[in-house]
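Shown next, in structure tokens, is the structure this report addresses.
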Amino acid sequence: IHKLLSLPAFKIKYFFLFLAAPSASPGNVRGNSTSTSIFVQWDQVPSPYQNGIILHYTVIYYRAHYRRIPQTVIVVAPTTQTTLTGLNQGTVYSISVSASTSKGDGPATYINIATGGTVSFRSLYWTSKTIKKGKENLKPV
């Protein structure tokens, strides 16, 4: 009779983490405005496209019809919202949101939103053109 020698089973698992900048932008970027502020919120970058740990989100905004003098807000993850304050009443703002890992910034999602109050016809025209044609085909009114 043979006695079977039993060795303890070793389970070896390998875990590789591919670190890179996110390969997708935050989804569902949306905003609600008052006369002088815009509350912006977004969904996280989907897990398969994070490529590491999301450290922060970068929100860049500027008045859509004037020289681009961008303002930047850094939002530490996992927070996915911020309020932009001190804005001009009745003005369209272009807002972008991107996520960052230790390896860099990912692509951005863009929206245009107006603060409350009376928005000029010029603002409305530009916004509708942006939606229909894309910024590269725009000519100022």
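The values are calculated or read from the model by the stated rules, or taken from the named source; none is laboratory data. Source: prediction; values computed, not measured. No Cβ is skipped: glycine too gets one built from the backbone with ideal geometry, and neighbour counts run over all protein chains shown. We work out accessible area using only protein heavy atoms, side chains counted, and drop any ligands, DNA or RNA first. Shrake-Rupley method; radii C 1.70, N 1.55, O 1.52, S 1.80 Å.
So here's what we get for this one:
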read-out	value
Of residues in segment 84-99 being polar (S, T, N, Q) and under 14 Å from T72 (Cα atoms), the one most open to solvent (accessible area, probe 1.4 Å)	T85
Enumeration of residues in segment 22-39 that are free of Cβ contacts under 8 Å to residues at least 60 places away in the same chain and either of a type outside the set (S, T, N, Q) or buried (at least 19 other Cβ atoms within 10 Å of the Cβ) (or both)	F39
Residue that is surrounded by the most Cβ atoms within 10 Å (Cβ to Cβ), among those in segment 56-83 that are modelled with pLDDT of 95 or more, of a type in the set (A, V, I, L, M) and closer than 17 Å to T109 by Cα	V59
Matching residues in segment 53-81 - criterion: being closer than 18 Å to P22 by Cα and assigned to a loop (DSSP other than H, G, I, E, B)	I53, I54, L55, A77, P78, T79, T80
